[in-house]
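**Q** A single structure is presented below for examination.
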Amino acid sequence: TDEIMHQDIIPLYAADIQDQLKKQFAYLSGGRGEDGCPVITFPDYPAFSDIPEKEFQNVLTYLTSIP
């Protein structure tokens, strides 16, 4: 099973993860796909493999929860 998809989602606020967001390893570029969904951009980030899984999950959970 995919444990990420089966976790309870707890609302996150930008203030809660501001240090993680400042790293800008992922962000909303403002664009939208053909289906209208927001585009999440993953720029070149030298230490991407060093990002802890929980931190990665927090940022993606936050970015996907923005209306």
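**Q** What are the residues in the range 12-34 that are touching a Phe, Trp or Tyr at 6+ places or on another chain (Cβ under 9 Å) and either exposed (fewer than 13 other Cβ atoms within 10 Å of the Cβ) or of a type in the set (D, E, K, R) (or both), if any?
**A** Hits for the range 12-34 are 13, 14, 16, 23, 24.
**Q** Kindly indicate whether residue 36 is on the phi > 0 side of the Ramachandran plot and modelled with pLDDT under 90.
**A** Details: on the phi > 0 side of the Ramachandran plot: yes; modelled with pLDDT under 90: yes.
It is true that residue 36 is on the phi > 0 side of the Ramachandran plot and modelled with pLDDT under 90.
**Q** If you take the residues in the range 35-66 that are in contact with a helix residue (DSSP H, G or I) (Cβ under 9 Å, 6 or more places away or on another chain) and assigned to a strand (DSSP E or B), which one is least open to solvent (accessible area, probe 1.4 Å)?
**A** 40
**Q** Whether any residue in the range 18-28 is touching a Leu at 6+ places or on another chain (Cβ under 6 Å) and touching a residue at least 24 places away in the same chain (Cβ under 8 Å) is what I want to check.
**A** Step one: list which residues in the range 18-28 are touching a Leu at 6+ places or on another chain (Cβ under 6 Å), which gives 28.
After this cut, where a residue has to be touching a residue at least 24 places away in the same chain (Cβ under 8 Å) as well, the list is 28.
Yes, that holds for at least one residue.
**Q** Output the residue which, of all residues in the range 1-25 that are of a type in the set (Asp, Glu) and part of a loop (DSSP other than H, G, I, E, B), is modelled with the lowest pLDDT. It would help to see each step written out before you state the result.
**A** Step one: filter the range 1-25 for residues of a type in the set (Asp, Glu), giving 2-3, 8, 16, 19.
Now narrow it down to the ones that are part of a loop (DSSP other than H, G, I, E, B): 2-3, 8.
On the way: 2: 52, 3: 55, 8: 60.
Here the answer is 2.
**Q** When both residues are 6+ apart or on different chains and their Cβ atoms are under 8 Å apart, which pairs have a first residue that lies in the range 47-62 and is farther than 12 Å from residue 17 by Cβ and at pLDDT 90 or above, and a second that is open to solvent by 90 Å² or more (accessible area, probe 1.4 Å) and not aromatic (Phe, Trp, Tyr)?
**A** none
The values are calculated or read from the model by the stated rules, or taken from the named source; none is laboratory data. Keep in mind that what you see is a predicted model, and the values were worked out from it rather than measured. Positions of Cβ are backbone-derived with ideal geometry, glycine not excepted, and every protein chain shown enters the neighbour counts. Heads up: the accessible areas ignore ligands, DNA and RNA and are worked out on the full protein's heavy atoms, side chains in. Shrake-Rupley method; radii C 1.70, N 1.55, O 1.52, S 1.80 Å.
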